[in-house]
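The values are calculated or read from the model by the stated rules, or taken from the named source; none is laboratory data. Please read all numbers here as calculations on a predicted model, not as lab measurements. As a convention, Cβ positions derive from the backbone with ideal geometry for all residues, glycine included, and neighbour counts pool all protein chains shown.
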Amino acid sequence: MRKSLVALSVLAASLSAATQAADYTDGNIHKNDYKWSQFNLMYAFDELPGESSHDYLEMEFGGRSGIFDLYGYVDVFDLTTDPDSDKAGKDKIFMKFAPRVSLDALTQTDLSFGPVQELYIATLMEWSGGKSGKGEVGPNTQKIGLGSDVNVPWLGKIGLNLYSTYDSNKRDWNGYQISTNWFKPFYTFDNGSFVSYQGYIDYQFGMKEEYSSASNGGAMFNGIYWHSDRYAVGYGLKAYKDVYGIKDTDGFKSTGFGHYVSMTYKF
């Protein structure tokens, strides 16, 4: 369940031009509105946990409307229903939705300070397609916490969110997650297309022993992408450490590296 990197880059690109703090004190909460959608054809090599290699189609969307900042995607795995695929007999769909509510826009107050440009009530919801043919139960979690947009040297504006995690499968709270994402164009061609360094970190900690074999773990994605107005092509190297709280063992690998390639069409 790769966090969508290409779509985050589109969102970050839309925001990166603005280095000033959001200001809604004039009452115009819709002045920063925008929306986007795209399709990404993906292939993952040695995705962890479990070293799975597979194709998938990612349908992404996001934008801003008033107090709401939204990002989401739906992944459809094993497009050809190949019985030899690593995803055969497993969940066909994975969905992620991450709406945030701007506290600055909600209160029409400038809450910025230092490098922090805007504050949010941040949520993150993750769902799989249910049970696989092997009886495995997929993710069903809801996260809530404090979010922010932060301006940092060189990278520019990044998203930074801290969540508390509720696992609906367990009907219990289980630890915390800190997440950040970035997008940095570093080379522009004469035709206006450009190459960017983009990525994210998701790190979970404080997970309960009865639910997780490791109390902490996470992943970092580092991508190099070429972008035009309509297309993007990229490669990403993803580093894992006891991802999803699964301790790395000889029998089931959860620490190491995975590789991703993608082709994108932007609507």
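Just checking, does the stretch 250-267 include any residue being among the aliphatic types (A, V, I, L, M) and touching a Ser or Thr at 6+ places or on another chain (Cβ under 7 Å)?
So far as the stretch 250-267 goes, no, none of its residues is among the aliphatic types (A, V, I, L, M) and touching a Ser or Thr at 6+ places or on another chain (Cβ under 7 Å).
Let me spell it out: the conditions are (1) in a loop (DSSP other than H, G, I, E, B); (2) touching a Gly at 6+ places or on another chain (Cβ under 6 Å); (3) of a type outside the set (A, V, I, L, M, F, W, C), and Tyr211 meets all of them except one. Which number is the exception?
(2)
So Phe221 passes all but one of these: (1) closer than 18 Å to Gln117 by Cβ; (2) surrounded by 20 or more Cβ atoms within 10 Å (Cβ to Cβ); (3) of a type outside the set (Val, Ile, Thr); (4) touching a Leu at 6+ places or on another chain (Cβ under 6 Å). Which condition number does it fail?
(1)
So which of Ser196, Ser212 ends up being hydroxyl-bearing (Ser, Thr, Tyr) and over 30 Å from Phe267 (Cα atoms)?
Ser212
With Leu155, Leu146 as the choices, which residue is of a type outside the set (Asp, Glu) and touching a Phe, Trp or Tyr at 6+ places or on another chain (Cβ under 6 Å)? Walk me through it before giving the result.
Values: Leu146 fails: touching a Phe, Trp or Tyr at 6+ places or on another chain (Cβ under 6 Å).
Residue meeting the stated conditions: Leu155.
Restricting the first residue to the stretch 60-78 and requiring it to be among the acidic types (Asp, Glu), which pairs with a second residue that is in a loop (DSSP other than H, G, I, E, B) meet a Cβ separation below 8 Å and a spacing of at least six or different chains?
Within 8 Å, the pairs are Glu60/Ser4; Asp69/Pro99; Asp75/Met1; Asp75/Arg2; Asp78/Ser85; Asp78/Lys87; Asp78/Ala88; Asp78/Lys92.
Report yes if Lys96 is in contact with a strand residue (DSSP E or B) (Cβ under 9 Å, 6 or more places away or on another chain), in a loop (DSSP other than H, G, I, E, B) and among the charged types (D, E, K, R), otherwise no.
no
Working only within the stretch 183-208, note down all residues that are farther than 28 Å from Val243 by Cα, free of Cβ contacts under 8 Å to residues at least 60 places away in the same chain and assigned to a strand (DSSP E or B).
Phe186, Tyr187, Thr188, Phe194, Val195
Please go through (1) of a type outside the set (Asp, Glu); (2) surrounded by 19 or more Cβ atoms within 10 Å (Cβ to Cβ); (3) within 24 Å of Glu126 (Cα to Cα); (4) in contact (Cβ under 8 Å) with a residue 60 or more places away in the chain for Gln177 and return the number of the only condition it doesn't satisfy.
Failed condition: (4).
Can you name the condition, by its number, that Tyr56 falls short on among (1) hydroxyl-bearing (Ser, Thr, Tyr); (2) modelled with pLDDT of 95 or more; (3) within 30 Å of Gly27 (Cβ to Cβ)?
(3)
So Leu111 ticks every box in (1) in contact with a Phe, Trp or Tyr (Cβ under 9 Å, 6 or more places away or on another chain); (2) not in a strand (DSSP E or B) but one. Which box is left unticked?
(1)
Of the residues that make up the stretch 128-135, is at least one surrounded by fewer than 18 Cβ atoms within 10 Å (Cβ to Cβ), at pLDDT 95 or above and either touching a Phe, Trp or Tyr at 6+ places or on another chain (Cβ under 8 Å) or among the small types (Gly, Ala, Ser) (or both)?
From the stretch 128-135, those surrounded by fewer than 18 Cβ atoms within 10 Å (Cβ to Cβ) are 129-135; that's our starting set.
Checking which are at pLDDT 95 or above leaves us with none.
There is no residue in the stretch 128-135 that is surrounded by fewer than 18 Cβ atoms within 10 Å (Cβ to Cβ), at pLDDT 95 or above and either touching a Phe, Trp or Tyr at 6+ places or on another chain (Cβ under 8 Å) or among the small types (Gly, Ala, Ser) (or both).
Looking at the stretch 224-267, which of its residues are hydrophobic (A, V, I, L, M, F, W, C), closer than 27 Å to Ser213 by Cα and buried (at least 19 other Cβ atoms within 10 Å of the Cβ)?
Scanning the stretch 224-267 gives Val243, Ile246.
For the subset of the stretch 18-57 comprising residues that are within 30 Å of Ile246 (Cβ to Cβ) and without any contact (Cβ under 8 Å) to a residue 60 or more places away in the chain, which member is surrounded by the most Cβ atoms within 10 Å (Cβ to Cβ)?
Across the stretch 18-57, the extreme among qualifying residues is Tyr56.
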